[in-house]
1. Mind running the shape call on segment 183-237? Use the C-alpha gyration tensor, a ≥ b ≥ c as the square roots of the eigenvalues: rounded below 1.5 for a/c, prolate if a/b tops b/c, oblate otherwise.
2. What is the magnitude of the charge dipole of the chain about its Cα centre, with +1 placed on the Cβ of each Lys and Arg, -1 on the Cβ of each Asp and Glu, and no other charges, expressed in debye to the nearest 20?
3. Considering the alpha-carbon set of segment 1-122 alone, what are its Rg and its Dmax in angstrom?
4. Excluding residues on the same chain fewer than 8 positions from Lys193, give the aspartates and glutamates whose Cα lies under 16 Å from its Cα.
5. Quick one: what do you get for the chain if you divide its Cα Rg by 2.2 N^0.38 Å?
6. How much length is gained if the chain between Arg215 and Arg94 is pulled fully straight, taking 0.36 nm per residue apart and subtracting their Cα-Cα distance, in nm to one decimal?
7. Got a sec? What order do Ser103, Ser207 fall in by accessible area at 1.4 Å, biggest, i.e. largest, first?
8. From the protein chains alone at 1.4 Å, what is the descending order of accessible area for Tyr35, Tyr11, largest first?
Amino acid sequence: MTEALYRDDSYLKSCTTRVTSITDTGIETEASVFYPHGGGQLGDTGELVTPSGDILQVTNTVKVSDGASQSHQVASSAGVNVGDEVQLTIDWERRYRLMRFHSALHLLCAAVNAPVNGGSIQVERARLDFNLPDGLDKAQVQSTLEGFIQQDVPVSTRWITNEELAAQPELVRTMAVKPPTNATGTIRLVEFKGIDLQACGGTHVASSAEIGAIRVSKVENKGKQNRRVTVVFDDDV
Ligand SMILES: [Zn+2]
């Protein structure tokens, strides 16, 4: 089992931990600051430093053992042994973009206020597919989103039981994704104060203003009940 350090502090960039398992595809550790691919958000990349000081490039992070552990994918694990103390450091610039985009999608959820069919958070752009029969007004979505970002509301997390979640089904916004649970079976809620509250296992910024300037780049019809909204960073355009 891997202790998911990024869940309690998404700003952690590095940790020292021990190798618990080595497979053809990657290295598993006791704890990790690397976010594993899931919930639409890409897995982290970065470096793993071995006891002898060799630096291995981690090209992706994925969940294994039904999500209980995570594997850091490397081209070769030569020189690494189970029990070794290693240092893990994420590519922070890349992760911070993913955190800002991920957080922006929470606000987009609130701006559109419709069930979500699916979504994707990439380094260059992020998108959500909404279950909506009618079109969306791009300019209106943009201005609502901007307003939420400028409100600079704090972002917090807490855990609830399955029973509490069952009593509030509206907390599960993405119909295709199972809500994230921890070892004790509780579910993580993420709140953008006064704007959005939903079950989510991803990494977020500490306040909405930290997302920065976001532009709604596209609103597309992707099928009868599917309206796709794509956002980019204004700085990139
Ligand atoms: Zn989230």
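The values are calculated or read from the model by the stated rules, or taken from the named source; none is laboratory data. What you are looking at is a predicted structure, and each value in this text was computed from that prediction instead of being measured. Because the Cβ atoms are built from the backbone with ideal geometry, glycine has one as well, and the counts that use them run over all protein chains shown. Surface areas here come from the heavy atoms of the whole protein model, side chains and all, with no ligands, DNA or RNA. Shrake-Rupley method; radii C 1.70, N 1.55, O 1.52, S 1.80 Å.
1. In terms of gyration-tensor shape, oblate.
2. 760
3. For segment 1-122, the Cα radius of gyration and maximum Cα-Cα distance read 15.3, 52 Å.
4. Qualifying aspartates and glutamates at Cα under 16 Å: Glu146, Asp152, Glu210.
5. Dividing the Cα Rg of the chain by 2.2 N^0.38 Å gives 1.06.
6. Full extension from Arg215 to Arg94 adds 41.7 nm.
7. Ser207, Ser103
8. Descending accessible area places them as Tyr11, Tyr35.
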